[in-house]
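The values are calculated or read from the model by the stated rules, or taken from the named source; none is laboratory data. Note that the structure is predicted; figures quoted are calculated from it, not measured. Here the Cβ is made from the backbone with ideal geometry for all residues, glycine too, and neighbour counts use every protein chain on show. When the accessible area is computed, the model is the full protein with side chains, heavy atoms only, and any ligands, DNA or RNA have been set aside. Shrake-Rupley method; radii C 1.70, N 1.55, O 1.52, S 1.80 Å.
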Amino acid sequence: MKKLSFVALCMVVAAVAMVLLSEAPTAEAVKCSPLELIRCLPAITRGTRPTKLCCAKLKQQKPCLCGFLKDPNFLQYAKSPNARKVAARCHVSYPKCR
């Protein structure tokens, strides 16, 4: 049960990051991985202030956010009010996905 909760939490963090960040072209290829956003999970689920590492990972995964948002496993986290707060605090624009 705890393993399942952790996996769900990881998915939530990834989804939130995806929602928080808008699509942006990058010079380097980014490996899209929702697990990269695990550091943002406490900020998304509890409303705590995001860490510097969370913000760095969110910015890194920015090109992937719309893809994460399309995944039903991450949707509830990505669309949570705290996801937008994390994005704002990390100075990342919330994505407008098609």
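A few notes on this one:
- Hydrodynamic radius of the stretch 34-90 per Kirkwood, over alpha carbon pairs, in Å: 11.1
- Applying 0.36 nm per residue to the separation of Arg98 and Leu53 and subtracting their alpha-carbon distance, the gain on full extension is 13.4 nm.
- Residue pairs, from the table Lys31/Lys85; Lys31/Lys57; Lys70/Lys96; Lys52/Lys96, whose Cα atoms sit over 19 Å apart: Lys31/Lys85; Lys52/Lys96
- Computed FRET value (nearest 0.05) for Leu35 with Lys79, which takes r as the C-beta separation and R₀ as 22 Å: 0.65
- Of the residues Cys90, Cys97, the one with the largest accessible area comes first in the ranking Cys97, Cys90, computed with a 1.4 Å probe on protein heavy atoms.
- Carbon-plus-sulfur accessible fraction, the stretch 34-90 (probe radius 1.4 Å, protein heavy atoms only): 52%.
- Here the calculated FRET efficiency for Thr45 and Asp71, from their Cβ-Cβ distance with R0 = 22 Å, stands at 0.80, rounded to the nearest 0.05.
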